[in-house]
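Student: Before anything else, here's the structure in question.
The values are calculated or read from the model by the stated rules, or taken from the named source; none is laboratory data. Bear in mind the structure is a predicted one, so any value in this text is a computation, not a measurement. Cβ placement follows ideal geometry from the backbone for every residue including glycine, while neighbour counts extend to all protein chains displayed.
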């Protein structure tokens, strides 16, 4: 039984290590994944700071830099998914993908290894970004920080699985970028990352509430705003965790279904 378990875990672990090593050898990925969201956060946050006002009184006094912070973490995870899965397109040309498909292992291993690798990188970069919290006056509780990291893991799994499923069917990196932007950017824009659903038009508010990514962003926002002595909003957190978990599971299942179908070169 132990040998069988090792045979199942070892390929996933090898692919996970491969993703991490590729990242460590490419310093520009870390620079781009952090500097671009940081610049966008400062540009939008400082630009709209004097004109932004949260609807209602529940979170009165929150400026736009604070409101935007969880959405920028989600954007970092989105970028990480793009950068970590674009290699699938490139590896088809290099021959690695064909070798991996021909290896005596389940194609599901490819999904799990790449998804765990991309998620590890996403959580690592999000953790680096959280170092900026004292700069904007956030004092995060331990339970709030754990909630942010849990939401980051679930979003990382979902975005990376989605990116892998799309990259598996792409022949060029140009096509991959076009399709990824078609999927991921609207999901991010309509997640409540840039503006609250309460202040949007009814149509946009409806789309935000239907967008499953909104619940991951909301989990991060609740974690950042959660004082150490505050009671947990268990109902809201439970709904967010449930939807985020289901989203990650569905997208991983879709990625597994996609890789089990023949590649174009197999037909």
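Student: Tell me whether region 217-233 contains one or more residues that are closer than 30 Å to residue 107 by Cβ and either loosely packed, with under 14 Cβ neighbours inside 10 Å or modelled with pLDDT of 85 or more (or both).
Tutor: Taking every residue of region 217-233 in turn, none turns out to be closer than 30 Å to residue 107 by Cβ and either loosely packed, with under 14 Cβ neighbours inside 10 Å or modelled with pLDDT of 85 or more (or both).
Student: If you don't mind, another one. Please go through region 190-204 and give me each residue that is without any contact (Cβ under 8 Å) to a residue 40 or more places away in the chain and either surrounded by fewer than 17 Cβ atoms within 10 Å (Cβ to Cβ) or in contact with a strand residue (DSSP E or B) (Cβ under 9 Å, 6 or more places away or on another chain) (or both), ordered by number.
Tutor: If we filter region 190-204 for residues that are without any contact (Cβ under 8 Å) to a residue 40 or more places away in the chain, which is where we start, we get 190, 195, 197, 200-204.
Residues satisfying the conditions are 201, 202, 203, 204.
Student: Go through 159, 129 for me and flag whichever is modelled with pLDDT of 85 or more and within 16 Å of the chain's Cα centre (by Cα). Lay out the reasoning, then the answer.
Tutor: Values: 129 fails: modelled with pLDDT of 85 or more.
One residue alone meets the criteria, 159.
Student: Shifting gears a bit: Are there any pairs, at least 6 apart or on different chains, whose C-beta atoms fall under 8 Å, with the first in region 23-47 and within 17 Å of residue 68 (Cβ to Cβ) and the second part of a helix (DSSP H, G or I) and modelled with pLDDT under 80, and if so, which?
Tutor: Qualifying pairs under 8 Å: 36/79; 37/79.
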